[in-house]
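Everything on this sheet refers to the single structure shown next.
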Amino acid sequence: MPDLLPDPGFSSFPLPARTFRRIAAGHLDAEVVALLHAAERSRRLLLLQHLITQCRQHPDLLGPLDGVAAALDLLVAAERSNPATFEALLLDPHTGMWLAHALRLLSLPEPQDSASMLWTRLGALSTLAVSAALQARIPFSIRVPLQDGQLYLPGAGRLDLGPAKGPAVALASSEAGELTVEGLGRQITLHPSALESPPVVRASAGAGPVLQVRIDHLDPLPARVGLPPPIPLDPEAVENWRTSLQQAWTLLGSDHPAETAPLSAGLKSLLPLSSQGSGPTAGSSADAFGAAAMALLPDTTDLACALVHEFRHSVLNGLMRLVPLYRPEPGRPGFYAPWRDDPRPLPGMLHGAYAFSAVTSFWEARRAIDQGDAARRAELEFSLARLNTMTVLDQLEGSDQLTGHGREFLAELRLNATGWSAAAVSAEADRLARIVAMTHRATWRAHHVRVDADWVRSTARAWLDRAEPPRTTPAERISRDPQAHGLSSVFVLARFSFCGFSGPLPASWGIAAERDFSGGDRLLVTADSEAAAQRYLSAIAEGPDDARPWGGLALSSPVLRMNPERVRAVYREVRALSPTPPDVIELAGWLSPQPPGTA
């Protein structure tokens, strides 16, 4: 298939050292995005070639559909007739997700689901060919897979043939620009423009770059590949997206113009998520360059920041296709990410450091632009983003999984951070940011860090015997606690009180806004740390198995700040052995390392 094969292999795709440094430093522009697009194109052509080869060697993989030659011939004809349309479809985020998903299914030693699932997934090659042929306006007739009575044509839209469950086959054909689909006992003929299609939002800001992005609420693929499924949008919701994106783009164009060129060139698809409930409000896929899943944030500044943030994940995914930044080592324990409730693997930490470096720079700029309560909020957001980003950079510095390129990448992030690392903030913003950072880390450790059971037992016995505590450092391991959620509650309250907000907490602020905040959380952000500690201690006494109150005691002693999991483990063991629960603060003091020269 000469029309579909790149000449040089993807593995040899060149990346100039200067461009690598620019990407690492976050200095993005349309030229950088064009290079990443070219690399992604090369990669996808190789993936497509591999998929076609597999289907040729194993014709039964396509089940009741036409052989792979039919889809391939149609793709080649569409490319020759309209190369630009074919290129756009090849680089569509949906195509990247589908190719990766299909090849992963083929790589499994045994199919995880029925054979029908496999042919419907691989058969999306036919729907890709139909989309390309429709846009190129060439005639065709080919069998395509249906799922639950629906035909999804990437880049074109969706057709519902009626109520049905499971997979089925339809015959799709076209003459004179009309599409005919026959299946499930029905035949529908329509112009492709009559398909139910995802809305396309076009936002402009003066004479600057234009954002043109598809709101992909119809795409069934994300849910099939383990991503958050997009929510359906009615006309009012579509208009809300249109208005909000225009407002966010106007803000970026006027206040952050350097961000608009790369976003305009690279961001092509948004998968809308719900801002309600406990599900994720943002996400991305390494296979879907140029796409982001996100909830529609009601605040214009938040939405603008989210666009910058999420696109950084696409950029880093593109970079890591070209340059290995780390050595994969499955089974390694996770890291602490200050913006997550769960332990994260090394690639997640690299993504977080890269994206939040951009977030920190964004809020630093807002400090000089915003006024009043908005300026106070920018100061708090900047203070915390800076602390959290530096925390992650410090952890990455100690990792032995980074490659040489990974260390260069980290060095560029460090260099970029010098621009804001020494910036002065108000005492109150600094206080709240440090409280938020300390309590989040302590709560995370109380949830996820497990202490050696023998050390815990011997230490509990020493406490009950009124002996000295062991001075050995216990072995610890990270084990994800599925009960960990809402660890950002103190930040939500700090933002609410510091920034002059009033009324109920906005639901769009996520999980933490939906749970009942403890009295300790509220007292902590108002600088009444002693009263807050009493509330947390009462909560521990009432529910010793609950890890959440332990994070609130981070200000009470060094050991409760650095290793609350040790105090918590010994406390629970003593309670199991004795009818008299220990005093938490006294126990923490007893466990604290003694200064040299004291006895």
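Give the range 455-472 a look and list any residue that's under 42 Å from the mean Cα position of the chain (by Cα), modelled with pLDDT of 95 or more and either among the aliphatic types (A, V, I, L, M) or loosely packed, with under 11 Cβ neighbours inside 10 Å (or both), or say none.
The answer is VAL456, ALA460.
In this structure, is ASP92 under 27 Å from MET320 (Cα atoms), modelled with pLDDT of 95 or more and surrounded by fewer than 19 Cβ atoms within 10 Å (Cβ to Cβ)?
no
Examine the range 317-330 for a residue that is hydroxyl-bearing (Ser, Thr, Tyr) and at pLDDT 95 or above, and state whether such a residue exists.
yes
Restricted to the range 371-409, and to residues that are in contact (Cβ under 8 Å) with a residue 12 or more places away in the chain and outside any helix (DSSP H, G or I), which residue is nearest to PRO338 (Cα to Cα)?
SER399
If you scan the range 274-323, which residues turn out to be hydroxyl-bearing (Ser, Thr, Tyr) and in contact with a Cys (Cβ under 9 Å, 6 or more places away or on another chain)?
none
Could you tell me how many of the residues in the range 33-72 are acidic (Asp, Glu) and surrounded by fewer than 18 Cβ atoms within 10 Å (Cβ to Cβ)?
Selection size over the range 33-72: 1.
Six or more apart or on different chains, Cβ atoms under 6 Å: show the pairs whose first residue is in the range 141-170 and closer than 25 Å to VAL200 by Cα and whose second is among the aromatic types (Phe, Trp, Tyr).
Cβ pairs passing all conditions: ARG158/TYR152.
Please determine, by comparing only the residues of the range 328-352 that are in a loop (DSSP other than H, G, I, E, B) and of a type in the set (A, V, I, L, M, F, W, C), which one is farthest from GLY404 (Cα to Cα). Talk me through it step by step, then tell me what you get.
Here is the first cut: in the range 328-352, the residues in a loop (DSSP other than H, G, I, E, B) are 328-334, 336-343, 345.
Applying the additional criterion that residues be of a type in the set (A, V, I, L, M, F, W, C) yields 337, 339.
On the way: ALA337: 23, TRP339: 27 Å.
Restricting to residues being in a loop (DSSP other than H, G, I, E, B) and of a type in the set (A, V, I, L, M, F, W, C), the top hit is TRP339.
Here is a yes/no grid of residues against (1) over 15 Å from THR439 (Cβ atoms); (2) at pLDDT 90 or above; (3) buried (at least 18 other Cβ atoms within 10 Å of the Cβ):
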{"site": "PRO504", "(1), (2), (3)": "yes, no, no"}
{"site": "ILE511", "(1), (2), (3)": "yes, no, yes"}
{"site": "ASP521", "(1), (2), (3)": "no, no, yes"}
{"site": "ALA533", "(1), (2), (3)": "no, yes, yes"}
{"site": "GLU565", "(1), (2), (3)": "no, yes, yes"}
{"site": "GLU573", "(1), (2), (3)": "yes, yes, yes"}
{"site": "PRO582", "(1), (2), (3)": "yes, yes, yes"}
{"site": "GLY589", "(1), (2), (3)": "yes, yes, no"}
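Are any of the residues in the range 217-231 under 25 Å from GLN150 (Cα atoms), of a type in the set (Asp, Glu) and touching a residue at least 24 places away in the same chain (Cβ under 8 Å)?
Yes: the range 217-231 contains one or more residues that are under 25 Å from GLN150 (Cα atoms), of a type in the set (Asp, Glu) and touching a residue at least 24 places away in the same chain (Cβ under 8 Å).
Please determine, by comparing only the residues of the range 227-247 that are under 20 Å from the mean Cα position of the chain (by Cα) and aliphatic (A, V, I, L, M), which one is nearest to ALA358 (Cα to Cα).
LEU245
For the range 115-143, how many residues meet the condition of being charged (D, E, K, R) and surrounded by 23 or more Cβ atoms within 10 Å (Cβ to Cβ)? Reasoning before the result, please.
Initially, the range 115-143 is screened for residues charged (D, E, K, R), giving 121, 137, 143.
If we keep only those that are surrounded by 23 or more Cβ atoms within 10 Å (Cβ to Cβ) as well, we get 121.
Adding up the residues that qualify gives 1.
State which residue pairs qualify: first residue farther than 10 Å from ASP29 by Cβ and inside the range 252-270, second residue aromatic (Phe, Trp, Tyr) and part of a helix (DSSP H, G or I) in any location, beta carbons under 6 Å apart, and separation of 6 or more residues or different chains.
The qualifying pairs are LEU263/PHE311; LEU267/PHE311.
Among GLN395, GLN371, GLN401, which is the only one that is in contact with a strand residue (DSSP E or B) (Cβ under 6 Å, 6 or more places away or on another chain) and within 30 Å of ALA527 (Cβ to Cβ)? Talk me through it step by step, then tell me what you get.
On the way: GLN371 fails: in contact with a strand residue (DSSP E or B) (Cβ under 6 Å, 6 or more places away or on another chain); GLN401 fails: within 30 Å of ALA527 (Cβ to Cβ).
Result: GLN395 is the single residue among GLN395, GLN371, GLN401 that is in contact with a strand residue (DSSP E or B) (Cβ under 6 Å, 6 or more places away or on another chain) and within 30 Å of ALA527 (Cβ to Cβ).
Looking only at the range 168-184, which residues are surrounded by fewer than 16 Cβ atoms within 10 Å (Cβ to Cβ) and either β-branched (Val, Ile, Thr) or modelled with pLDDT under 95 (or both)?
Answer for the range 168-184, where residues must be surrounded by fewer than 16 Cβ atoms within 10 Å (Cβ to Cβ) and either β-branched (Val, Ile, Thr) or modelled with pLDDT under 95 (or both): GLU175, ALA176, GLY177, THR180.
Do we have any residue at all in the range 452-474 that's in a loop (DSSP other than H, G, I, E, B) and hydrophobic (A, V, I, L, M, F, W, C)? Outline the logic, then answer.
Our first condition is that a residue be in a loop (DSSP other than H, G, I, E, B); within the range 452-474, this holds for 452, 465-474.
From the residues that got through so far, the ones that are hydrophobic (A, V, I, L, M, F, W, C) too are 467.
For the range 452-474, residues in a loop (DSSP other than H, G, I, E, B) and hydrophobic (A, V, I, L, M, F, W, C): present.
What number of residues in the range 34-67 are closer than 26 Å to PHE289 by Cα and touching a residue at least 12 places away in the same chain (Cβ under 8 Å)?
Here is the first cut: in the range 34-67, the ones closer than 26 Å to PHE289 by Cα are 34-55.
Pick out the ones that are also touching a residue at least 12 places away in the same chain (Cβ under 8 Å) and you get 34-52, 54-55.
Looking only at that region, the number is 21.
Of the residues ARG386, ARG414, ARG407, only one is assigned by TED's automatic domain parsing to the domain that holds PHE356, basic (Lys, Arg), closer than 20 Å to ALA24 by Cβ and under 22 Å from the mean Cα position of the chain (by Cα); which?
Result of the check over ARG386, ARG414, ARG407: ARG386.
The values are calculated or read from the model by the stated rules, or taken from the named source; none is laboratory data. In this text the structure is predicted, and so the values were computed from the model without any measurement. Quick reminder, even Gly has a Cβ in these numbers, built from the backbone with ideal geometry, and neighbours come from all protein chains shown.
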